[in-house]
1. So D170 clears everything in (1) closer than 25 Å to I73 by Cβ; (2) touching a Lys or Arg at 6+ places or on another chain (Cβ under 8 Å) except one condition, right? Which one?
2. Keeping to the range 214-224, report how many residues are closer than 26 Å to E162 by Cβ and in contact with an Asp or Glu (Cβ under 9 Å, 6 or more places away or on another chain).
3. Among what's in the range 18-59 and is touching a helix residue (DSSP H, G or I) at 6+ places or on another chain (Cβ under 8 Å) and of a type in the set (V, I, T), pick the residue that is nearest to S187 (Cα to Cα).
4. If you check Y124 against the conditions, is it open to solvent by less than 60 Å² (accessible area, probe 1.4 Å), in contact with a helix residue (DSSP H, G or I) (Cβ under 9 Å, 6 or more places away or on another chain), touching a residue at least 60 places away in the same chain (Cβ under 8 Å) and among the aromatic types (F, W, Y)?
5. Pairs needed: first member in the range 146-171, without any contact (Cβ under 8 Å) to a residue 24 or more places away in the chain and within 13 Å of K185 (Cβ to Cβ); second member anywhere, open to solvent by less than 60 Å² (accessible area, probe 1.4 Å) and polar (S, T, N, Q); C-beta distance under 9 Å; at least 6 residues apart or different chains.
6. Of all residues in the range 212-227 being part of a helix (DSSP H, G or I) and out of contact with any Lys or Arg (no Cβ under 9 Å at 6 or more places or on another chain), which is farthest from N53 (Cα to Cα)?
7. Hey, any hits in the range 203-223 for a residue that's at pLDDT 95 or above, open to solvent by less than 40 Å² (accessible area, probe 1.4 Å) and in contact with a Cys (Cβ under 8 Å, 6 or more places away or on another chain)?
8. Say whether the condition of being modelled with pLDDT of 95 or more, more than 26 Å from G132 (Cα to Cα) and of a type outside the set (A, V, I, L, M) is met by at least one residue in the range 90-105.
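The values are calculated or read from the model by the stated rules, or taken from the named source; none is laboratory data. Note that the coordinates shown come from a computational prediction; the quantities given were computed from them, not determined experimentally. In this analysis, Cβ positions are derived from the backbone assuming ideal geometry, glycine residues included, and neighbour counts consider all displayed protein chains. Ligands, DNA and RNA are excluded from the accessible area calculation, which covers all protein heavy atoms including side chains. Shrake-Rupley method; radii C 1.70, N 1.55, O 1.52, S 1.80 Å.
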Amino acid sequence: MSKALRYKCLFLDHDDTSVNSTPILHHRAHVEIMKIMRPDTLPLSLDDWFRKNFEPGIMEYLKNDLSMSDEEIRIEYGIWREYAEKTVSDFFPGIIEILIEYRNRGGKVVVVSHSDKDLIERDYKTNGFFGGESFLPDMIFGWTTDATKRKPHPWPVISSLEALGIEAKDSIILDDLKPGILMGKNSGVDAVTAGWGHNIPEIKQYMTANTIAYCSTVEEFRGFLLG
């Protein structure tokens, strides 16, 4: 008989937590966007792109650092979307296996991401297989222009817990960056760090100090979640 789960619901980030997407998608799109929209400004390095995602966030970077207007942000999104539609990211080895076992033992999985919902669904439908089984999350919260309904705001967590009938104390967040951790603080849900997507000292320092566990590998997270 399987040991009872520590947590009934897993709030799961997507990019650089479940899928290895920033090096092959998001940063490459950024480089191309800068060539088109800010040709006199050097694009961020990959590590600095992670840093901007960590703090203050990409929207703040576009508006404040690059002084993009609302129309320019619309164009920027269109270029990114073109890249995203033709790039299917691979899941980190072991992630889908963990999610299938977690669900088979009664756990619920809610994806909360800054990527578009339909693209997250596509990634799972294309690559979310292990041992002949496929996996799709129970709920997905993707990017929305309503800032109050995306992380770091608590709405995705609060609305999910209400719908699933699960309490905050019985849930856990897995994320690699600050917005997900703040979402946890804002909703009363503990968080654990996905530390396998990048290794940037100041990010690691914050995540270590502000989550209940720092998992450097997928296998470490497996032990944390499944026991």
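1. The single condition D170 does not satisfy is (1).
2. Residues in the range 214-224 being closer than 26 Å to E162 by Cβ and in contact with an Asp or Glu (Cβ under 9 Å, 6 or more places away or on another chain): 0 in total.
3. If we take residues in the range 18-59 being touching a helix residue (DSSP H, G or I) at 6+ places or on another chain (Cβ under 8 Å) and of a type in the set (V, I, T), then I58 is nearest to S187 (Cα to Cα).
4. Working: open to solvent by less than 60 Å² (accessible area, probe 1.4 Å): yes; in contact with a helix residue (DSSP H, G or I) (Cβ under 9 Å, 6 or more places away or on another chain): yes; touching a residue at least 60 places away in the same chain (Cβ under 8 Å): no; among the aromatic types (F, W, Y): yes.
Taking the combined requirement at face value, the residue does not satisfy it.
5. Note: pairs meeting the criteria are A168/S187.
6. The selected residue is G223.
7. So far as the range 203-223 goes, yes, one or more of its residues are at pLDDT 95 or above, open to solvent by less than 40 Å² (accessible area, probe 1.4 Å) and in contact with a Cys (Cβ under 8 Å, 6 or more places away or on another chain).
8. Here is the first cut: in the range 90-105, the ones modelled with pLDDT of 95 or more are 90-105.
When the remaining residues are screened for being more than 26 Å from G132 (Cα to Cα), the result is none.
No: the range 90-105 contains no residue that is modelled with pLDDT of 95 or more, more than 26 Å from G132 (Cα to Cα) and of a type outside the set (A, V, I, L, M).
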